[in-house]
Every structure is written in C-alpha cells, then in structure tokens.
Amino acid sequence: MSQPIIVWFRQDLRLDDNMAVAACVEANAPMIALFIDDRQHERQAGAVSLWWRDQSLQALADELQRRGSQLILREGDAASQLNQLIDETNPQAVFWNRQYYAESIARDTAIKADLQARQINVESFNSTLLFEPWQIRSKTANTPFKVFTPFWKACQTHGIDTRIWDAPMQFLAPSKWPQSLALTKTNLPEGAHALDQWQPGEAGARKTLHRFLSENIHGYADGRDFPAKPATSRLAPHLRWGEISPRRLFAETSAAPVSDNDQRKFFAEIGWREFSYQTLFHNPNLKTTCLQPKFEAFPWREGAEAEDDFEAWKNGTTGYPIVDAGMRELRQTGYMHNRVRMIAASFLIKHLLIDWRRGEAWFWERLADADPANNTASWQWVAGCGADAAPYFRIFNPIIQGQKFDPEGHYTKRYIPELTGLSGKMLFSPWLAKSDLLENANVQLGQSYPKPIVEHDFARNRALDIFKALA
Ligand SMILES: Cc1cc2nc3c(=O)[nH]c(=O)nc-3n(C[C@H](O)[C@H](O)[C@H](O)COP(=O)(O)OP(=O)(O)OC[C@H]3O[C@@H](n4cnc5c(N)ncnc54)[C@H](O)[C@@H]3O)c2cc1C
C-alpha cells in the first residue's frame, strides 16, 4: 500500500469540493484527515463560533467514518503536532487549504519551508474563496481594489469557475490509524439558549442552501433588508467554517430558477465576502488599525459612564427597541440579521462613541459566523474608517430604521416581548407614547423596559461634530 497523505483541515470542514482532499484522492493515496486546535497561531474563535466548530468537527468525523476513514484530532502548536503525526505515520505528503490572515500565513509559511527542507512533499490550495486575494487587481494601477463595485466587476469579467469536485463515497485508509485525542470542550456563553435552530456541518450547509434556493431566495433583493422575513440564506456560519464552497453556491444558484435580480444581489453579497478577504490579506492589521489613519485620532468615550453604556448595548437594554432586539437576537441565537447588525453597530460607534474594536470583539465572541475577514471589515465599514466605507454622516436613526424595516414589529417583539402591547410607530420610540397608551400596553418605562440611554438628536449632533473635525 502507498504511503498516506496527511490532509490538514482548518477552515474547510467539508469533503465536497475540497481541493486538498481532491489532490489526495487523485494521488490514489490513503488519507489521514487531521484537525489541530492551534490556539497559539490563530485568532481564538469566540465561544459560539467554537461551539459551532466542535459540532462541525463531529459531523466531519461521522461523515469520514461512513466513508471508511477517520478524523484525527490534536491540540497545541500546529508545527509540533504535525511533526509528531509525520513521525507516527511516515506520509508521502501533507496537503492543506490556505487561510488568509497574518498569523496563519506566517505559521503555514514556516511549516512549509521546514517540510520542504526535510524532503516532504507539501502543497496548499485555495478552497475557501472564488479568487485568491492577490488575484484581482485594478488594470490601470495594478493594485488591489479599494472600492467594492469595480472589484466585483473585475471578478465577474475574470470569470467565476463553477466546476465542482465531488468527494468519493469511500476513502483509502492507512494500514494503521494514529491516535485521535479529544479537544478541550467549549462552554456555551450565558444566554445562548436558542442554538438548536442550526445544523452545523456539511449536510446542514447543503440543506440550508437547498431550502434557500427552493423558498427564500425569491424576493431576496428586497426582502433581505427586513429582519422579520426569512429572506436571507443563513449560510454565514457554514461559510465561516468552510462547510460549503462558494463555488458550489455559485453553481447551484446559477442552475436554480431564480430571477436575475435576486441572483445578482445574492452573488454580490458573496462578492463582499471576497472583498473582505482581499482587504484583510492586504491589510493584516485590519482588526486593530483603522484603514483610514485619520480615524486613529477619534476621541472614543471611556470611563464609568461609557462602560455602563457598553454593558447596556451588549445586554440589549439601550432603550432603542430595534437595537435591543438585535443585541438580544445575537445573545440568544448566535446570529443577527444584517440590517440590524448595521443599526446596532452604528449605534455603538456613533450614538455612544464607543470604539468599533470593542463592538467587533463582542460580535466575535457571540456570533456563530464570527469571521476574521467579514466581521472586522464590516465594523470598519460601519465606522466609516474602512475600505469603501459608509460615509461618516450616515448616522442611522434607530427609530426610523425600526419603523421602516420592521413595520409590523414582528422581529422586535420576538426579542422584546415586554413591548408586545405596543404597535405602530410607537413601538420604536416608546418614550414618546402617551401614558395611557403605555399603561394599556402594560409597559412601565424605566422598569419593564428601559428609557433611552442617550437622546438621538443630541447623540447625532455630537457625533457629526467629531466626525467633521476629523474629516
Ligand atoms: C457590524 C457587522 C458585522 C458583521 N460580521 C460578520 C461576520 O462576522 N461574519 C459574516 O459572515 N458576516 C458578517 N457580517 C456581514 C453580514 O451581516 C452577514 O454575512 C449576514 O448577515 C449573514 O447572514 P446570511 O448568511 O443570511 O446572509 P446572506 O444575505 O444570505 O448572504 C450570503 C453570504 O454572503 C456573505 N455576506 C453577506 N453580507 C456580507 C457583508 N456585508 N460582508 C461580507 N460578507 C457578506 C456571507 O458569507 C453570507 O453568508 C457583518 C455585518 C456587519 C454590519
């Protein structure tokens, strides 16, 4: 029997259309599937995302077992763990799919050089993105794009490869299996009690895509802005852990009976994912440093009062119902609708003047889809300091946003049941409601639901003054 190949899984927890797995199968070699929980060289995933990963690893292990194979789990420094497994199994090669943030690039580059120096064949592939983050460049300046629209146009002109590689039903097994070790268990954070709606793993990802294509994509272009509607794909956590390839999304969506408008809009969102990854790749400090340097001088609020406001934001008790509904959705489900993410993030940055990096860290901790590129790039976008960012004077009015995008109040009341008795526009500004209306609705402002922690017009003008001074 030929020597095995180690396929090192990382952010690609699937068999289907996985280029590292495909290369192993094409080499006709037994596969040793490996996952290393390397907490030293990767940004440690947040609690909810780790919960997802653990479920996803179990699903991958089960699928491998059904196909005559196994998943080997190890924990610790990736280079030493890999070397140990190489000593145990004497592989002919090590394959993996590339990751694109600085810590993993540095680690992988060092490991590759070491293995090559020891005459061990090592290859890496792209299985995460449609394009490598260095591939699409502006023709005129030969630089990476800083604006989304021309970037996405250039991607489309380049052409998107939608050929899919199907994994075999049986994998060749090595003559002897190395030991697999249990990973340290992740405890779910307090309040995350509604995660059972998700099905982490490759099968769950495919089911989610098929449900989206048969039902919810119709009307996506308009419906995606309304949090009460099941109008978006909810594929984000599946994409985060690589349980489905973006190529498959393109191939299956292109073949489905979907209107041009809905398809174009959905593809553009996948395009934003590509744009975020190329932005991260070319700006490795994206998590810590504003892309527009002038924003580093921003006078963020600090001190006890700001801390109280930050806690109110995290707990969904700011007194602004649409913001609070989003923050409670996040806490309970590990997800927040995109429109509400924008409103809640804008509120933290512009109404409360709290550093976007703190909001990014909280989302990182609580989102199942917390993604090293999408989360950071989106926070910079909302703050106005990122690539192709929202202009600083776009300060969402949380009252109008609620009225416009949750007109029936279904979303808001789902997460703030104490406001169920309020209807119409008053739901989004209960402090403006007459006392008999509040009484009839059984709302005691300041007791059953908080009064607003900051007044909208005051906060808006305060933020505009600061932003203007920076511009
Ligand atoms: C402050 C803030 C933080 C965010 N943090 C994350 C994050 O950690 N992880 C994450 O995947 N997305 C993040 N997003 C982007 C977006 O909100 C989510 O991707 C989307 O809500 C996920 O739901 P869905 O899968 O149903 O999206 P759909 O509308 O069905 O979109 C399909 C896919 O496109 C990608 N996508 C959609 N919108 C964006 C976007 N604006 N930027 C980059 N990719 C996008 C996602 O992979 C998504 O799954 C953030 C947005 C904001 C405003």
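No value in this document is a laboratory result; all are computed from the given coordinates. In this text, all values refer to a predicted model and were calculated from it rather than measured experimentally. Methodologically, a virtual Cβ is constructed for each residue, glycine included, from the backbone with ideal geometry; neighbour enumeration extends over all protein chains shown.
May I ask for the distance between the Cα centers of the range 72-113 and the range 143-209, given as a whole number of Å? Using only Cα atoms to place each centre, the spacing works out to 19 Å. Panel order for VAL147, VAL21, VAL258, by other beta carbons found within 10 Å of each beta carbon, from fewest to most: VAL147, VAL258, VAL21. For VAL454, VAL340, the sequence from fewest to most other C-beta atoms within 10 Å is VAL454, VAL340.
Select from GLN263, THR289, THR279 the residue farthest towards the positive end of the dipole of the chain; place +1 on Cβ of Lys and Arg, -1 on Cβ of Asp and Glu, and compute about the Cα centre. Projecting each Cα onto the dipole axis, the largest value belongs to GLN263. Using a cutoff of 8 angstrom between alpha carbon atoms and counting only pairs six or more residues apart, the relative contact order for the range 293-470 works out to 26 percent. Between the alpha-carbon centres of the range 2-68 and the range 351-389 there is a gap of 28 Å. Report the rotationally averaged projected area of the chain based on its alpha-carbon convex hull, in square nanometres. Its average projected convex-hull area is 23.7 nm². Partnerless cysteines in the chain, where a partner means another cysteine C-beta under 4.7 angstrom, comprise CYS24, CYS155. Applying a DSSP loop filter and a limit of 14 other Cβ atoms within 10 Å to the trypsin sites (Lys or Arg not before Pro) in the range 366-415 leaves ARG394. The relative contact order of the chain, computed from alpha carbon pairs under 8 Å that lie at least 6 residues apart in sequence, is 17 percent.
Residues LEU195, LEU64, arranged from fewest to most other Cβ atoms within 10 angstrom of their Cβ, appear as LEU195, LEU64. Taken along its three principal axes, the alpha carbon spread of the range 293-470 comes to 51, 35, 31 Å, from the longest extent down to the shortest. Working note: 222 nm ellipticity from helices only, DSSP H runs with n ≥ 4, each -39,500 (n - 2.57), summed and divided by the residues of the chain, gives -13500 deg cm²/dmol to the nearest 500.
Across the range 5-127, the convex hull enclosing all Cα atoms gives 98 Å³ per residue. To the nearest Å, what is the center-to-center distance of the range 394-430 and the range 252-307, using C-alpha atoms only? That distance is 26 Å. Label-to-label distance, ALA106 versus THR288, with points set 7 angstrom from Cα along the beta-carbon direction: 0.9 nm.
Of the cross-linked pairs LYS314/LYS451; LYS314/LYS413; LYS146/LYS294; LYS112/LYS185; LYS413/LYS451, those separated by over 20 Å at the C-alpha level are LYS112/LYS185. Taking 0.36 nm per residue of separation and subtracting the Cα-Cα distance, full extension of the segment from ASP222 to ASN121 would add 31.4 nm.
Site pair GLN3 and GLN65 shows an inter-label distance of 3.0 nm when each label is modelled 7 Å from Cα along Cα→Cβ.
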